[in-house]
Amino acid sequence: MSEFQAYLQLGFNHITDSNGYDHILFIMAICSVYTLVDWKKVIVLVTAFTAGHSITLALSTLGYVHVNPDVIELLIPITILITAFLNFFYRVPKNSYAPKEKAPAFRYPLALGFGLIHGLGFSNYLKALLGNEADIFNPLLGFNVGLELGQLIIVFIILVIAFAMIELLRVQKLSWIQILSGIIFGMALSLILNNELFRTLAGMPVNS
């Protein structure tokens, strides 16, 4: 296995690892208002997120950006919480197949901005893997491609489940969005309340 392939697999495993489900939660949050029929909108939205985290993943791994990892670990669940919260204000169009129906414009810069934060989270993991390795171009590229492949699979699974629930089982789209977003919101809130930096700032006892 080449170095590129090895880091591609590591990137794929990292984004799909259930133990580090915070990034999966964010992808779920930004896709919650869509189904398979909205795949073009989702591609644009996910591309914005990808652009954001690719930029900071590269800059941080190359040593141009330095951010306290504890701050990033707190900011990531906050991005999930905000995205899930905004989903509650989504208005389902009367005709779900209307060609002029668009996602609210703010969702794209939001995905880009939050992607910048998530990229810093990815970089902490990648830098730990690289250690003092001199040539990091191939590892960086392979890891990023692996992240994207894993991310696309997660997006596809979410959209298929949403399509099945709404189009086949006839669950109301608004109900589906609110239920899924509520679950994601609750999980993100739990991550925040159990975050050591948050508990320290809030004067709460730190989990041992």
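The values are calculated or read from the model by the stated rules, or taken from the named source; none is laboratory data. A quick note: this is a predicted structure, and the numbers were derived from the prediction, not measured. Please note: Cβ atoms are built from the backbone with ideal geometry, for glycine as well, and neighbour counts cover all protein chains shown. Calculation scope for accessible area: heavy atoms of the full protein, side chains included, ligands and nucleic acids excluded. Shrake-Rupley method; radii C 1.70, N 1.55, O 1.52, S 1.80 Å.
The table below lists the values:
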item: Exposure rank, largest accessible area first [47, 56; 1.4 Å]; result: 47, 56
item: Farthest positive-ward along the chain dipole, Cα basis, beta-carbon charges - from 157, 58, 141; result: 157
item: Computed Rg/Rh of segment 100-208, alpha carbon atoms with Kirkwood Rh; result: 1.06
item: Rounded to the nearest 20 debye, dipole of the chain from Cβ charges on Lys, Arg, Asp, Glu; result: 1040
item: Relative intensity, log₁₀ I(q)/I(0), of segment 40-181 from a Debye sum that treats every alpha carbon as a point, q = 0.10, 0.11, 0.21 Å⁻¹; result: -0.42, -0.50, -1.36
item: Distance between segment 171-195 and segment 1-65 - C-alpha centres, whole angstrom; result: 20
item: Contour excess over end-to-end distance, with Cα ends at residue 137 and residue 108 and 0.36 nm allotted per residue; result: 7.6 nm
item: Overall dimensions of segment 141-188 as given by Cα atoms, namely Rg and Dmax in Å; result: 13.9, 42
item: Nearest-10 value in Å² for the accessible area of residue 116, using the 1.4 Å probe; result: 70
item: Solvent-accessible area of residue 160 with every protein chain in place, 1.4 Å probe, in Å² to the nearest 10; result: 60
item: Accessible area in the full protein assembly, largest first, 1.4 Å probe, for 66, 14, 23; result: 66, 14, 23
item: Among 83, 204, 12 - extreme Cα towards positive end, dipole of the chain, charges at beta-carbon; result: 83
item: For segment 154-165, 3J(HN,Hα) per residue [Karplus equation, 6.51 cos²θ - 1.76 cosθ + 1.60, θ = phi - 60°, Hz, x = Gly/Pro]; result: 4, 4, 4, 4, 4, 5, 5, 4, 4, 4, 5, 5
item: Calculated P(r) of segment 1-100 - Cα pairs past 22 Å, %; result: 43
item: Extension gain (nm, one decimal) between residue 178 and residue 88, 0.36 nm per residue minus Cα-Cα; result: 31.8 nm
item: Distant-in-sequence amide H partners of residue 171 (H built 1.01 Å from N, under 5 Å); result: 166
item: The chain - percent relative contact order, Cα under 8 Å, separation 6 or more; result: 41
item: Residue 199 - accessible surface, heavy atoms, 1.4 Å probe, Å² rounded to 10; result: 30
